[in-house]
Every structure is written in C-alpha cells, then in structure tokens.
Amino acid sequence: MPHRLVESDSIGATAEEVRRRILEQISVGDLRPGQRLGAERDLAVDLGVSRSSLRQALSVLEAEGVVRRVPGRGGGTFVSADKVDRDLSRIVGVPALLRDQGFSAGSKVLSAAVVVSDSSTAKHLGIDANAFVYDIVRIRLADGSPISLEHARLPAERFPGLLEQSLGGSIYELLERTFGVSPVSAEERIEVVSATEDEGLILGVPTGAPLLSITRTSLGPDGVPIEHSHDLFRADRTRITVRTEGHAGATSVRTSRGKVLEMRPRVR
C-alpha cells in the first residue's frame, strides 16, 4: 500500500524509533490493514516510551497515510486499509463495518418511500403480492467518498413509521433500537457486474468498471424475512472475506451463518 513520504526530522529520536517499529510491525504482518491499535496509554507502555513521543510518531504516520485516527467514542488509531473488508461471516450494517476498520462512515439518502411490492420482493420477504414495502436507496461513504450504492426493501406492516426515523445510519441498528428486531441470519449472493453510466456517476467510477453486486435477504429471530436488499460495492475498494468450517478433511461451503457465496461475471 503506497504512502506519502513525510519529513520526520522534526520529531525526536525516540518518536522516530517508535515510528520505525510500528512500520516494521505492519510490514511483517503483526499489524494488519484496518486493525485498531491499542489505547495510547497501553501502547506507550508496550513500546516503553512516553505518550508524548508516541503521539509525535502517530502524527507523522498519520500524515504519511500509514494510520488514520478516528475521534470520538469507539474511535482510535487504525492501520490504514486500502480496501474495505466485507466479512460475510458477520451480519452488520455498513456504518459499523466501516467504523470497525477505522474508516469514517457517512451516508446520503437518495430516496425513501412506501411502494407496492413487486413479485420478486414479495417472494423474498414472504409477504402478499402487492403488499406495501419501504423502498430506501442510499449511498454509503467511506472517508467521504462513495463505497457502495444500497437499495433496501422492508415490509411496511412490520415496521410502522420507519420512514419517520433518521435513515442516515445503520438500518439494522435502527430496527433493533426502535422495534427490538435484529437480523440473526442472512443469505447473500454475489456477482461481479459492470457499472452502468448512472451507477458510475454515483460511485465515482468509469462506465463498465467492475462492481460487486450483493443481493441479501435477512431473517429476524422468528425466522421471518425482515429485509431484502441489493448493494453495489466498488470492486476496487472492497475485499470479500468468507469463513468456512471443515472437518475430517472436508470443507463445507456453508458459513456459520448460512450465507451463500456465488461469484460469476455478468455484463449488463
């Protein structure tokens, strides 16, 4: 991962040594992209230096783009990640996914409406044809730039008044906070597709650029679908992680949360 070169002559010898030690830990893989460093106090103790020397070193590393420091509760110092790691073993909203990897998460709501369900959505949500659903389209931002285009549909009858809530954060966190419901399992299908002209303009990529198309159906604790969505992630900024379990020399393609991975090229 390329980083900017920054003059470090102005920092003390101890801070420069800390900087070099952190760089070495990253280069050998002891610190991984997106990993959160420990609290300053603990990190200073581990490295045997003062907090002021540590802060000097981190300031230079941040200016070089090696680490990013996220303020506020739940923030901290993270090793810069060149790509967002989309871990299919976890059911988590995009904002939490980004925050966990040290990115600054943001959203732009493009549209939010109550519409009549189409047949495909009704089938996936297990609702009657022509039932009402919430139709929410948002752009997800990582460090201020688009990372994905998200189109979610949820049964309106089950979540009355949903559109009266703020939709800028995680839908999953909103459902748990407002309705006491959160997804416990999901099935996700992934394809590599080519960006249309409009998708390219929204996501900041050329027409025809590869995108990861993720279609997801999430189930609540009662086993009833609560969401059917379609996300488009920038392939140049996203990495997919799948965890599998195997035994007796055989590897199962089914993850612990029952998600399905399918990747095949498709041109639209």
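When only the Cβ of Lys, Arg, Asp and Glu is charged (+1, +1, -1, -1), the dipole of segment 60-114 relative to its Cα centre reaches about 220 debye. Label-to-label distance, A13 versus L163, with points set 7 angstrom from Cα along the beta-carbon direction: 6.7 nm. For a distance above 18 Å, tell me the whole-number percent of Cα pairs in segment 3-160 that qualify. When every Cα pair of segment 3-160 is considered, 67 percent fall beyond 18 Å. Fully extending the segment from L110 to V92 would add 4.3 nm, taking 0.36 nm per residue of separation and subtracting the current Cα-Cα distance. A Förster radius of 45 Å, combined with the Cβ-Cβ distance separating K123 from T207, puts the computed FRET efficiency at roughly 0.90.
Projecting the Cα atoms of S53, G76, V18 onto the charge dipole of segment 13-79 (Cβ charges, centred on the Cα centre) puts G76 farthest toward the positive pole. Derived scalar couplings between HN and Hα for segment 205-213 equal 10, x, 4, x, 5, x, 10, 8, 8 Hz in order, rounded to whole Hz, by the Karplus curve 6.51 cos²θ - 1.76 cosθ + 1.60 (θ = phi - 60°), x for Gly and Pro. Remark: the chain is approximated by an ellipsoid whose semi-axes, taken from the C-alpha gyration tensor as √(5λ), come to 39, 20, 20 Å, largest first. Dipole check for segment 13-79: with +1 at the C-beta of Lys and Arg, -1 at the C-beta of Asp and Glu, and the Cα centre as origin, the magnitude is about 260 Debye.
Spatially, segment 64-136 and segment 8-63 are offset by 31 Å when compared through their Cα centroids.
Computed per residue of the chain from DSSP H runs no shorter than four, each worth -39500 (n - 2.57), the mean residue ellipticity at 222 nm is -7000 deg cm²/dmol. Here the simple spin-label model places points 7 Å from the Cα toward Cβ, and for H151 and D42 these points are separated by 4.3 nm. Take the Cα of F132, go 7 Å toward its beta carbon, and the backbone nitrogen atoms of segment 151-169 under 11 Å from that spot belong to 156-163. Here the peptides 15-22, 121-128 are ranked by packing, the mean other Cβ count within 10 Å, and the order with the highest first is 15-22, 121-128. For segment 109-124, the Karplus equation 6.51 cos²θ - 1.76 cosθ + 1.60, evaluated at θ = phi - 60°, returns couplings of 7, 7, 6, 8, 8, 9, 10, 7, 5, 7, 5, 5, 5, 4, 5, 5 Hz by residue, with Gly and Pro reported as x.
Readers should treat all values here as calculations from the given coordinates under stated rules, not as data from a laboratory. Note that the structure is a prediction, hence the values are computed from the model and not measured. No Cβ is skipped: glycine too gets one built from the backbone with ideal geometry, and neighbour counts run over all protein chains shown.
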